[in-house]
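Shown next, in structure tokens, is the structure this report addresses.
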Amino acid sequence: MAFLNKLFGKNKDNDEVKDIAEEMEAAVTEAEEAQPEETVGETVPEAGETVPEVEAIVEEDAEAEKVSFWKKLKSGLSKTKNALFGQIDDLLKNFVRVDEDLLEELEELLIMADVGVNSTEYIIDELRERIKDGRLKEKDQVMSSIQEIIEDMIGEGQPLKLDTTPSVILVIGVNGAGKTTSIGKISKRLKASGKKVVVAAADTFRAAAIDQLAVWCERAGVEMVRQNEGSDPAAVVFDAISYAKKKQADVLIVDTAGRLHNKTNLMNELAKINRVIDRELPGASRENLLVLDATTGQNAILQAKEFSKAANITGITLNKLDGTAKGGIVISIKQELDIPVKFIGVGEKIDDMREFDAHDFVTALFE
Ligand SMILES: Nc1nc2c(ncn2[C@@H]2O[C@H](COP(=O)(O)OP(=O)(O)OP(=O)(O)O)[C@@H](O)[C@H]2O)c(=O)[nH]1
Ligand SMILES: [Mg+2]
């Protein structure tokens, strides 16, 4: 049943749909057994044909998934919200007018909440500007003004650019930032959108790194190319590129080590992997995703500056937003690095990641 396979591929973990699909498949088999061949064609939808009831369930499920992620995002950002906006709320209670004194206190709060010095200055200057031109008069407009300013600062989310077959996503970042986990999550999302994904296990340094990645690939239902621990990561990437070409994969995702004997080794290794990709896949769409751990706050900015020396970072995956009060780092990233945040992670499970949406993010912080 091609259309049922298609359905499973589209939503592999959807037990409800799977159950219904299985029931339908059983019913179809029964019908096939009971009836002559010619009449079966009339009752069984052809590949690609829509089955309205099942389509509706798939849509409902996507909606439910969206709602559950929104809840996770909101609860994940609650510490940041309390640390930052809860305090702004308290601060506003002590002020009657919107004046320089209030701005000064606000400035301190924003800096304390990991919004970063430059971003804070920008926000305060914008507020001052709004006070001057009369857009901000009452203190109950302060919060919505900050919300608007932050949303403007962060800008629109930017999707991955994966135009060629294969395209390449190189995943880099310090150890423990969540690279391997993110690869599992991203692979699942890409697969669900119909892309064929191959993953290269190019973190050959850490014991068990390859097996850990294999588990994530299994969960995501994608193939992985591996060599032994200790082998040359660039050679793994070379193999994986050949395999991706042979299999006509849409996307090759490369896991890398977060720690080597020293930083220079790490950066040299990344540069070498980059050269292999450039040589073997000239003209391919490339994403160099830097994975950052939101709980490290401003330190994440320093990491980004360091990694920028080894690779042209095209996007950031910001993980562990759940349970940190340092979510304000998103604002700093945009302001200080001008690299788009492409994904955010709010948990350890395979569905705990989404494409970054500035409006959703800021709304979750303020609502
Ligand atoms: N709470 C939470 N934990 C996360 C998130 N993303 C990753 N983690 C956890 O962070 C830890 C490290 O994740 P990995 O994916 O192994 O990190 P890595 O960057 O591959 O680490 P190395 O391979 O050592 O360089 C794991 O325990 C993950 O479960 C997230 O969004 N939220
Ligand atoms: Mg890893």
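Assorted remarks:
- Legend: calculated FRET efficiency, A214 to Q147, from the Cβ-Cβ distance at R0 = 51 Å, rounded to 0.05, equals 0.75.
- Fewest-first ranking of T181, T296, using other Cβ atoms within 10 Å as the exposure measure: T296, T181
- Applying a threshold of 23 Å to the alpha-carbon distances of K245/K320; K81/K179; K79/K263; K161/K195; K72/K188 flags K245/K320; K81/K179; K79/K263 as lying beyond it.
- If the segment from S231 to K245 were pulled out straight at 0.36 nm per residue, it would be longer than the present Cα-Cα gap by 2.9 nm.
- Of the GluC sites (Glu not before Pro) in the range 112-210, the ones in a loop by DSSP (not H, G, I, E or B) with at most 11 other beta carbons within 10 Å are E138, E156.
- Using the Cβ-Cβ distance between R206 and E129 with R0 = 41 Å, the FRET efficiency computed as 1/(1 + (r/R0)^6) comes to roughly 0.25.
- Relative contact order computed over the range 170-265 (Cα-Cα under 8 Å; 6+ residues apart), in percent: 42
- Cβ-Cβ distance of L302 and Q158, R₀ of 22 Å, FRET efficiency by 1/(1 + (r/R0)^6): the value works out to about 0.45.
Every number in this text was worked out from the coordinates using simple rules, so none of it is lab data. All figures in this text were calculated on a predicted structure; none of them were measured in a lab. Positions of Cβ are backbone-derived with ideal geometry, glycine not excepted, and every protein chain shown enters the neighbour counts.
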